[in-house]
Amino acid sequence: MKFETPAGDNPIDRMTVVGRAHARIDGPLKTTGTAPYAYEHHREIADPAYGYVVGAAIGKGRISAIDLTQAKAAPGVIAIVTADNAGKLGKGKFNTVKLLGGPEIDHYHQAVAIVVAETFEQARAAAALVRLDYARAEGRFDLDTALKTAPLAGGSSDEGSGSPGVDRVGQFEQAFAAAPVKLDAHYSTPDQSHAMMEPFASIAAWRGDELTVWTSNQMIAWGHGDLARTLGIPKEKIRFLSPYVGGGFGGKLFLRTDAVLAALGARAAGRPVKVALQRPLIPNNTTHRPATRQHIRIGATKDGTITAIAHDSGSGDQPGGEPETAVNQTKLLYAGANRRISMHLAVLDLPEGNAMRAPGEAPGMMALEIAIDEMAEKLGMDPIAFRIKNDTQVDPEKPERRFSERQLVRCLEDGAKRFGWSRRNPKPAQVRDGRWLVGMGVAAAFRNHINMASGARVRLGQGGVVTVETDMTDIGTGSYTIIAQTAAEMMGVPVDAVVVKLGDSRFPVSAGSGGQFGAANATAGVYAACVKLREAVAQRLGFNSADTVFEGGKVRSGNRSTDLAQAANAGELVAEDKIEFGKLGDTYQLSTFGAHFVEVGVDAFTGVTRVRRMLAVCAAGRILNPQTARSQVIGAMTMGVGGALMEELAVDTRFGFFVNHDLAGYEVPVHADIPHQEVVFLDEADDKANPMKAKGVGELGLCGVGAAVANAVYNATGVRVRDYPITLDKHLERLPALV
Amino acid sequence: MKAFTYERAHDPVAAARAVAARPGARFIAGGTNLLDLMKIEVETPVHLVDVQDLKLDRIEPTDAGGLRIGALVTNTDLAADARVRRDYGVLTRAIVAGASGQLRNKATTAGNLLQRTRCAYFYDTNMPCNKRKPGSGCAAIGGVSRQLAVIGSSDKCIATHPSDMAVAMRVLDATVETVNAAGETRAIPIADFHRLPGDTPHIETALAPGELITAVTLPKPIGGRHVYEKVRDRASYAFALVSVAAVIQPDGTGRVALGGVAHKPWRDAAAEAELPRGARAVTAKLLAGAKPTHDNAFKLPLAERTLAAAMAEVRTTA
């Protein structure tokens, strides 16, 4: 089904199942420990060997000698694979750096060997006996140093390809110079780790030249293709499965070393091998969100009209890597006649930077939305009024492109009322509650919607059971549930008459889970397949498909009505289709919006910040399931608190690695950090997006939260911190005097 | 993890004897720290002597009017003990400020005192660390050191002791009771129990090889207001950047020990005497001679402000 014109009325509009709160249908499996995660396919693989990954001990250089004598002789060891004996390996299309290093070492903890043994403990013990000598080389580990000579990065356009190094509209420099009120400020965000609960894990089993891999991956087709490319075998020989994923946040968008080394280890051992990447290896072995150094300049007239806006972001990555696209939101969020947008990309020998939840948007909004707060203060305006004043309903670069839906102003106004924004004292450092300095902050939330082709197969089986098969993944987001709701709505059956099967490369290729594009596109693909199945049902029953209604387990046409199940009496009906997109996404800017409100307390003595309450008001198209959508948003808000107040991969620029590479050193929020959270979804159905009229919320919920926290901290203390995370040491000595 | 042998001891002297007899042997109780370190081969004991059957899990009154806390009393039980809560509130507060409920259920009193540092370089066996591998150097000096020591450190080591409980024990003038393989007992004042790193950061306590902690005793209660202020980036389940254990008397005198600043709980009688003159006077003396790094210089003003918070807490709840 090609989606080329705005959606008209369709069965989803009934909203009898879609749009209703529904607990996750996979919830009982998860709460009873019976949902098999990547490491837990005990039924399929009863007697695996265990692989343990050895990470490089240096940040840059080469292995000068390997001695496996002791490791091979250790109890239980079956095989050891290194680059020396792995055979020729390719590199995945989505990987910047090789997943098995050696002899050249590209970054710290790059995998250099897998030790396979009868038990996990034996593999771990033997791994420590692998003797590696290194020749260290000079590495580029300091972003600030590297940025001094870093070139402009091509492509500040959406998804980062090919546009000019500097995007200009009008004459920024002149307009900024002439502006009566201006801001010129620098902001920084640190490297961050996804820190998902489930580590990267895979089980690999060969049968002849055919390989099956159970893994934990967000994008089946990408991982499937890249595993074939890496191993140099046809992808038809590989079955790649990821039915349950214990969190990904972008870290599992791509093939990673656990899958490759499980496959190589299993081949060498001649039996199935399971690998879970040990936690201390994860931050340096896998990808991370790159640090940014951002420069924002805004000029405005005295009435608060932005006349000039410039945003530059510098980040670093491995050779051949990509910039962190922190400037993209600035292109679209606010009006302003004169604009300058650019990025710089330095080459670093730190681990590979890549997507983490709201890549680009999250750090970009962390900076931009502080800048807007600062500018509002300079203008003597309320930060909400300033944002509303500079709202735009069109793409400022291409004014002929309208936003399909843009309810930013309503989000801000509605949120202000609900949050009690009028009680905020615009003068900072005025409100005390015992030892706490109390402040409120606001920020816009803004994340674009991305159209992705997405396929599904739908079966109507005996007893009227509807089975959906798609390679879509559920990374804890609720995919199983919203897909069941979609099929139930389309086929006129209850949710419990739908079976959803996900995460298998034998199923039609879906959008996958990433970029908050999963929910809307994957359900649209299911919609498309269901349209075909409805036609097949009507045809088999001899109904006129144009006026056939599917409702209450029945199929009706004119005055004829029969049980849906009857259509499968003569054998299962199968339909497959995918949603594909025309140019609507170019004609219109498809985006999601919101407003984040945060109240914090800052300890007047110690400078510690604790969030007191949070509110997000979101407008993001049709909300397919308010319960799972809310979970997405509160999870994102929590991640935003982490980014604002504590998360930072600390770089040792001498040895070239992230030092705090475990969950004790890399702090993410705990329950005690997260107080009352409220989420409101405004009514919206975006007919330019897809037949579901839905967009996404999973990343919207993160965009802007960090800045709302930062702005609240400023309102509490009067000290502006522009360097995340806002830890106490960054404002301690500038806090108001203790009384 | 390296393969090791294991035995379960049934009386303290036999346990001490078992460890003394085997170089590289270690006691294990709750294992909340040792097992983690063994998994990454920071600790590589060849033999473990499990002491959990030694029946050292009682809290009893002493003749001197204090309490004897068995070495195996869990952190949870110690914090919850009615006598501790009534008479040694700073200890309860310090314990519940540390770790998580699950860990406190396993962690023991003696084990808590013997925790290793949480310095990230100590944890990474690819990095030089004089504490883990004597003579290899200290990667933390000149590295990422925000969490690390500001005082009492050496050019060999800038690690901190991570315990909250030990800071309260220090302010309460606890005594560590031990027994050795010969059956000889010893009482070590907590002030002398933990060592500064000096040239031998791998030697962390006054314990001789094979010497087993049997109990920690508290002198009779000293009254006063008991406060434990712990500062950390997140609200729970994090080690202290700085902590303050304080017992303040109605006349403004009292005792203060700092955590998170040194290789041991940090206390000084002369500094304490300044309490009536306020936090600044105390920390100026207590932290005189501090040698912070670029990353952790903030701990000096933070210590003063945290002590001020503790003192304000006492004033406002008096």
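Couple of notes before you dig in:
- Top-ranked residue of region A:163-210 - restricted to ones that are among the hydroxyl-bearing types (Ser, Thr, Tyr) and in a loop (DSSP other than H, G, I, E, B), ranked as most open to solvent (accessible area, probe 1.4 Å): A:163
- Any hit, region A:289-302, residues being open to solvent by 10 Å² or more (accessible area, probe 1.4 Å), of a type outside the set (A, V, I, L, M) and assigned to a loop (DSSP other than H, G, I, E, B): yes
- All of (1) closer than 26 Å to residue A:355 by Cβ; (2) over 19 Å from the mean Cα position of the chain (by Cα) hold for residue A:488 with one exception: (1).
- Selection within region B:80-93 - open to solvent by 10 Å² or more (accessible area, probe 1.4 Å) and within 15 Å of the chain's Cα centre (by Cα): B:92, B:93
- Residue check for residue B:285: among the charged types (D, E, K, R), more than 21 Å from residue A:610 (Cα to Cα) and touching an Asp or Glu at 6+ places or on another chain (Cβ under 7 Å): yes
- All told, residue A:327 meets the bar of being over 30 Å from residue A:209 (Cβ atoms) and either in contact with a strand residue (DSSP E or B) (Cβ under 7 Å, 6 or more places away or on another chain) or surrounded by 24 or more Cβ atoms within 10 Å (Cβ to Cβ) (or both).
- Screening residue B:141 with (1) part of a loop (DSSP other than H, G, I, E, B); (2) touching a helix residue (DSSP H, G or I) at 6+ places or on another chain (Cβ under 6 Å); (3) among the aliphatic types (A, V, I, L, M) gives one miss only, at (2).
- The listed residue being more than 14 Å from every other protein chain (Cβ to nearest Cβ) and polar (S, T, N, Q), out of B:117, B:175: B:175
- Residues being within 14 Å of chain A (Cβ to nearest Cβ), in contact with a strand residue (DSSP E or B) (Cβ under 9 Å, 6 or more places away or on another chain) and touching a residue at least 40 places away in the same chain (Cβ under 8 Å) are entirely absent from region B:99-112.
- From the options B:29, B:25, B:80, B:97, residue that is more than 29 Å from residue B:121 (Cβ to Cβ) and modelled with pLDDT of 95 or more: B:80
- Residue A:141 being part of a loop (DSSP other than H, G, I, E, B), farther than 15 Å from residue A:58 by Cα and in contact (Cβ under 8 Å) with a residue 60 or more places away in the chain: no
- Scanning region B:104-138 for residues that are open to solvent by 30 Å² or more (accessible area, probe 1.4 Å), part of a helix (DSSP H, G or I) and more than 24 Å from residue B:68 (Cβ to Cβ) returns B:120, B:123.
- In region B:1-55, the residues that are farther than 19 Å from residue B:213 by Cβ, open to solvent by less than 20 Å² (accessible area, probe 1.4 Å) and in a strand (DSSP E or B): none
- Of all residues in region B:278-318, those that are under 16 Å from residue B:262 (Cβ atoms), more than 13 Å from chain A (Cβ to nearest Cβ) and of a type in the set (A, V, I, L, M, F, W, C) total 5.
- Here A:698, A:704 are screened, and the one residue that is crowded, with 24+ Cβ neighbours inside 10 Å and under 19 Å from residue A:384 (Cα atoms) is A:704.
- Hits in region A:102-126 (condition: within 13 Å of chain B (Cβ to nearest Cβ), hydrophobic (A, V, I, L, M, F, W, C) and open to solvent by less than 10 Å² (accessible area, probe 1.4 Å)): A:105, A:112, A:117, A:123, A:126
- Residue match in region A:51-62 (condition: in contact with an Asp or Glu (Cβ under 7 Å, 6 or more places away or on another chain), part of a loop (DSSP other than H, G, I, E, B), modelled with pLDDT of 95 or more and open to solvent by 60 Å² or more (accessible area, probe 1.4 Å)): no
- Scanning region B:186-214 for residues that are farther than 14 Å from residue B:15 by Cβ, outside any loop (DSSP other than H, G, I, E, B) and not basic (Lys, Arg) yields B:187, B:188, B:189, B:190, B:191, B:192, B:193, B:194, B:205.
- Some residue of region A:85-101 being open to solvent by 40 Å² or more (accessible area, probe 1.4 Å) and assigned to a helix (DSSP H, G or I): no
- Restricting attention to region A:127-138, the residues that are out of contact with any Ser or Thr (no Cβ under 9 Å at 6 or more places or on another chain), assigned to a loop (DSSP other than H, G, I, E, B) and either within 13 Å of chain B (Cβ to nearest Cβ) or open to solvent by 80 Å² or more (accessible area, probe 1.4 Å) (or both) add up to 1.
- Within region A:1-26, being free of Cβ contacts under 8 Å to residues at least 24 places away in the same chain and under 27 Å from the mean Cα position of the chain (by Cα) holds for no residue.
- Scanning region A:162-178 turns up no residue that is of a type in the set (Ser, Thr, Tyr) and at pLDDT 95 or above.
Yes/no per residue for (1) open to solvent by 50 Å² or more (accessible area, probe 1.4 Å); (2) of a type outside the set (Asp, Glu):
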{"site": "B:174", "(1), (2)": "no, yes"}
{"site": "B:233", "(1), (2)": "no, no"}
{"site": "B:242", "(1), (2)": "no, yes"}
{"site": "B:268", "(1), (2)": "yes, no"}
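- Tally, over region A:395-428, of residues that are closer than 26 Å to residue A:678 by Cβ and either in contact (Cβ under 8 Å) with a residue 40 or more places away in the chain or of a type in the set (Asp, Glu) (or both): 19
- Any hit, region A:601-623, residues being more than 30 Å from residue A:733 (Cβ to Cβ), open to solvent by 20 Å² or more (accessible area, probe 1.4 Å) and free of Cβ contacts under 8 Å to residues at least 12 places away in the same chain: no
- Per-region count, region A:211-240, residues within 21 Å of the chain's Cα centre (by Cα), aliphatic (A, V, I, L, M) and open to solvent by 20 Å² or more (accessible area, probe 1.4 Å): 1
The values are calculated or read from the model by the stated rules, or taken from the named source; none is laboratory data. Everything quoted here is computed from the prediction, not taken from an experiment. Positions of Cβ are backbone-derived with ideal geometry, glycine not excepted, and every protein chain shown enters the neighbour counts. These area figures cover heavy atoms from the full protein model, side chains too; ligands, DNA and RNA do not enter into them. Shrake-Rupley method; radii C 1.70, N 1.55, O 1.52, S 1.80 Å.
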